[in-house]
Amino acid sequence: MISKAREKKDRHEAVCKICNHPYRKQIEDRWCAWASTATLAEKYRVSLSSISRHMAAFKLQERRATNLRVAPELIIEQEDEVEQRAILKRLKKWNMKHMPNSKNIKRPKTNKRKKSD
Ligand SMILES: [Zn+2]
């Protein structure tokens, strides 16, 4: 017997414009990397709702959200200490203004050096 979830997925795949699109993987990857839904819809000639339904069906919003959390970390890691402090100061200021009840942002821990170095 086929499960209801499997049936629902099969039905989605049968009618979904993204599932059946030759550039499906590119659409998914670019959407997860925060390309705009409207831009992708225009470029790949599909509707906004097709993209939204497909991403929801495969729970790709979580992957997109994870990419958003990882991106600032990668940006900060690439900078030198002076720039890191400046970025974190600005983030902290933004955070205090817009999210006053959240925890303070701390500088990521790096390999500790002895003071004598
Ligand atoms: Zn789909």
Can you name every residue in the stretch 55-82 that is closer than 30 Å to A5 by Cβ, out of contact with any Lys or Arg (no Cβ under 8 Å at 6 or more places or on another chain) and touching a residue at least 12 places away in the same chain (Cβ under 8 Å)? F58, L60, R63, R64, N67, L68
Give the number of residues within the stretch 18-39 that are touching a residue at least 24 places away in the same chain (Cβ under 8 Å) and among the aliphatic types (A, V, I, L, M). 3
Given (1) among the aliphatic types (A, V, I, L, M); (2) part of a helix (DSSP H, G or I); (3) within 11 Å of the ligand (Cβ to nearest atom), where does L68 come up short, assuming only one miss? (3)
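Does E79 count as surrounded by 12 or more Cβ atoms within 10 Å (Cβ to Cβ), acidic (D, E) and at pLDDT below 95? Walk me through how you get there before you give the answer.
On the way: surrounded by 12 or more Cβ atoms within 10 Å (Cβ to Cβ): yes; acidic (D, E): yes; at pLDDT below 95: yes.
It is true that E79 is surrounded by 12 or more Cβ atoms within 10 Å (Cβ to Cβ), acidic (D, E) and at pLDDT below 95.
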The condition from (1) on the phi < 0 side of the Ramachandran plot; (2) more than 10 Å from the ligand (Cβ to nearest atom); (3) not acidic (D, E) that I51 misses is numbered (2)
Extreme residue, nearest to the ligand (Cβ to nearest atom), among residues of the stretch 16-48 that are surrounded by fewer than 11 Cβ atoms within 10 Å (Cβ to Cβ) and assigned to a helix (DSSP H, G or I): K25
Report every pair of residues separated by at least 6 positions or lying on different chains whose Cβ atoms are under 9 Å apart, first residue within the stretch 83-101 and part of a helix (DSSP H, G or I), second among the acidic types (D, E). Q84/E77; A86/E79; I87/E79
Is it the case that some residue within the stretch 52-69 is over 16 Å from the mean Cα position of the chain (by Cα) and of a type in the set (D, E)? no
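The values are calculated or read from the model by the stated rules, or taken from the named source; none is laboratory data. Computed from a predicted structure; not experimentally measured. A quick note on method: Cβ atoms are made from the backbone with ideal geometry, for glycine too, and the neighbour counts reach across all protein chains shown.
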